[in-house]
1. Are there any helices (runs of 4 or more DSSP H) wholly within segment 342-454 with 2 or more residues that are under 21 Å from A307 (Cβ atoms), and if so which?
2. Failed condition for A454, given (1) under 28 Å from I623 (Cα atoms); (2) without any contact (Cβ under 8 Å) to a residue 40 or more places away in the chain, with all others met?
3. Would you confirm, using the coordinates I've provided, whether T208 is at pLDDT below 85 and either outside any helix (DSSP H, G or I) or touching a Ser or Thr at 6+ places or on another chain (Cβ under 7 Å) (or both)?
4. If only one of L166, L100, L108, L123 is touching a strand residue (DSSP E or B) at 6+ places or on another chain (Cβ under 7 Å) and hydrophobic (A, V, I, L, M, F, W, C), which one is it?
5. Could you pull out the residue among A380, A403 that is in contact with a Leu (Cβ under 9 Å, 6 or more places away or on another chain), among the hydrophobic types (A, V, I, L, M, F, W, C), on the phi < 0 side of the Ramachandran plot and crowded, with 19+ Cβ neighbours inside 10 Å?
6. Mind listing whichever residues of segment 138-147 are over 18 Å from T50 (Cβ atoms), crowded, with 19+ Cβ neighbours inside 10 Å and either touching a residue at least 60 places away in the same chain (Cβ under 8 Å) or not assigned by TED's automatic domain parsing to the domain that holds L32 (or both)?
7. Could you tell me which numbered condition I225 fails, if it satisfies all but one of (1) modelled with pLDDT of 85 or more; (2) surrounded by 24 or more Cβ atoms within 10 Å (Cβ to Cβ)?
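The values are calculated or read from the model by the stated rules, or taken from the named source; none is laboratory data. No experiment lies behind these values; they were computed from the predicted model shown. In this analysis, Cβ positions are derived from the backbone assuming ideal geometry, glycine residues included, and neighbour counts consider all displayed protein chains.
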Amino acid sequence: MADPRPQPRHNLPVEPNSFIDRERDLSEITQLLGSSRLLTLCGVGGIGKTRLALRVATALLDGYRDGVWLVELADLEQGELVTARVTGALGIREEAGHALFDTLADALRSRRLLLVMDNCEHLLDALAPLCRRLLAVAPYLTILATSRDPLRISGETVWRVPPLSLPPEPVGDPASCALAAPTAWSAFEAVRLFTDRASAAHPDFKLTSANAPTVGRICRMLDGIPLAIELAAARVRVLTPQQIADRLTDRFALLRTGERTAPARQRTLRATVDWSYELLTGPERTLLARLSVFSGWSLELAESVCADAALPRDGILELLTALLDKSFVTVDREVAGHLRYRMLDTLRQYAAERLDEAGDTAVLRGRHRDEMLRLAEELARHNAMGIGASWAERVPWLDRAVANHDNLRSALSWCLERGDVAEGLRFSVALRTYWVPRGESTEGAGWADRFLAAAAGADPGLRGAALVRRAEMAFENDDREAAKRFGAEGLRLCREAGDHHSVTTALNILAMAELRSGDPAAAGPLLDESLRISRAEGDLWNEGIALTIHGPAVAMTGDLERAELLCAESLRIFRSIDHAWCVARSLVGLGRIVEIRGDLATAERHYTEALALLRSVNARPEIARCLSGLARLATARGDHALARSRIVESVALSHGSGQRLGVARGLGALAGVALREERYAEAARLAGAAAALRAALKHPAGGAGPSGGPDGIAAAAGAAIGEAAARQAWLEGEAMDVDAAVRYARRGGAEPAPPPAAPEPPAGTGPRRPAPAVRPAAPAGRPLVAAEALTNREREIARLVAGGLTNRSIAAELVISPATVARHIANILAKLGFRSRTEIAIWQVAQDAGAEPGTVLDSA
């Protein structure tokens, strides 16, 4: 197993063209960031705030241990989504049962990183309190913001972005200017920018002694504003510098009688954009205005939304090319084989005003909404019911949806604004296949709740279908009661409407909720009905899902042979429809069952194949779980080095996506490996870190493999190196924050530096629990009993009892019923002559040093 792939330390974009030095500005900003944790670059639109911030961020990459991360906000309209945008930029995933801000705060608490918040001005009411709270809980966080207005919070340093440096006004005849040499003119940033961009637009353009004074004049007329200069420079393809200067003079003379209350530079920028806009042809202006409804777009989207009788579809490409040439539009990136385009925020706002003035906003936003709805419903068809489509044909639809995330949000907002409940409910149904796989069920649930609240008069069948998908998002967020409530109501409405696909989907969701509640008997009839309907309707998707659920349900009754057959059948179905995501999920489920049955070689084949598929779609949480399974198998073979490397990668992936419970599980598993390697202090240290993280999450400790939970590992370590040493190691691990614990794990257990004073836990997480006292090796006055007295299943259960699991948790761990667990525990007590679960746990600790590896997934 290769070492874990290095994680990126930034998400900064590659600069699209050369950066004009601004050496003085870069130096001052860098110095200020050394003493200020919140620095806001302020200035008018087009002054170059974003480019300057990105250049500073790039220069400071080596100064921030945990990287530099850009959060782009220009296209975000809803303040309530700011936290989600920040977590998305950082690669942090939401956690069921925890507020998104709490997840973000805990992830940043001890990270040393620079967060670049770009284009904040329209979201200040939401951003200001968010930044204040983050700076309060994350002492090593630095924020560099760009905004037309300051955030106006305590501790903020405001740095006004100046215009580019300009040549002086000539004295007397411009032709006799002392700066006649081109090299002298090039000393000024504004002139260098004009020259660079003009040369890009027209390769034959050169700054000469003849045109330099006119270029200097243009730059002064534009007040050194980079965007204005770039727009003017793009005109050298059709105008000489003198013509540009002349037209600017005329335009300014007309516009200076306009909005007198606006700052001078803002009036100048608007004049420049007005002038550039009026140089466009009529069709170019029309397309520019219509493109303002997009956050970003492809040619195909532009053709679908912007074309009509006034703007024929076959002419869109030529017009888009013209706008690209004239710097109104820029190339963004390639997605699914198609180039995407965008407008600078300033130009997009300007174009939106033109669209509104033409009275076309409602029509174009309606077309945009319809196109996004078509995209969402095509995504659902390809991913949930795309029988006959190959996986290679499905993936581009998901890629397109991801690229259009902000367009989808805009369309959803338009539905809310207009009261288009039916369209909103259709979005809620279709986007289930988008929100759930991406781990964004909380956002999807929020949109669905808004539309469902207004859906009293909507079509009952549509409302039922939306309720069913809302139930699935509740299940993904571990809200089982809500999943049952929404699912039952949705099921009733979909039965009445004859929507068989939604009926089977609802039955599957309700069965999953019952199974997670530990009641396979209640899940059975639901799955039987789902299978009957889906087979009658030829709905292979829901048939495969039902079988995937049915396997673990049957396994919980102890019938592993039938469970394996059911999972194998689900795998066959998903292979037949070439759905790689579901194939991977089926492989993991099948691998788990054969692992429990003891066929470790087959389990490894299933996990390995699943891992490759999951990597292909970058499903980080699922990759982490799959790696944990492979690590258990490596431990069973005695290959501790391979087990360690797989767990370390799993921990790193969970940490990178903000899944703290996954980190806790991984740390516990790594502690078990360290114990088996006789690295006792490391084992106790990792166990302490795992226990502290679980306590912060209010999640009880689960079995971590052969040595039980963290307490059991600490006890075993104490038996080997002494109670005092084990307790000290535990306390060192407990004092680590999650970032330090992950770094310790990735270093292979190198001795940690003395931990810094731990920040106070966030409100509501409760105090950390004390390190456990190391327990004796056996119940007082009783001899140790040989492990051979127990069956393999009883030894597994004894280890989980030592880990502190309840009967229901053990049942979920081993996919058996709680009643079966109770019978096994009674047998263990009888065979060992013990009276309590505590005595079982103490006995198990004494067995750990020579115990056989466990085969139980830590899914607590």
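1. Correct list: 345-357, 361-384, 391-403, 405-418.
2. That leaves (1) as the condition not met.
3. no
4. Being touching a strand residue (DSSP E or B) at 6+ places or on another chain (Cβ under 7 Å) and hydrophobic (A, V, I, L, M, F, W, C) holds for just one of L166, L100, L108, L123, which is L108.
5. On inspection, the qualifying residue turns out to be A380.
6. L141
7. (1)
Residues are listed down the side, and each one gets a yes or a no for (1) in contact with a helix residue (DSSP H, G or I) (Cβ under 8 Å, 6 or more places away or on another chain); (2) in the same structural domain as D66 (by TED's automatic domain parsing); (3) under 20 Å from N11 (Cα atoms); (4) in a helix (DSSP H, G or I):
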{"position": "A107", "(1), (2), (3), (4)": "yes, yes, yes, yes"}
{"position": "M117", "(1), (2), (3), (4)": "yes, yes, yes, no"}
{"position": "H122", "(1), (2), (3), (4)": "no, yes, no, yes"}
{"position": "L135", "(1), (2), (3), (4)": "no, yes, no, yes"}
{"position": "D149", "(1), (2), (3), (4)": "yes, yes, no, no"}
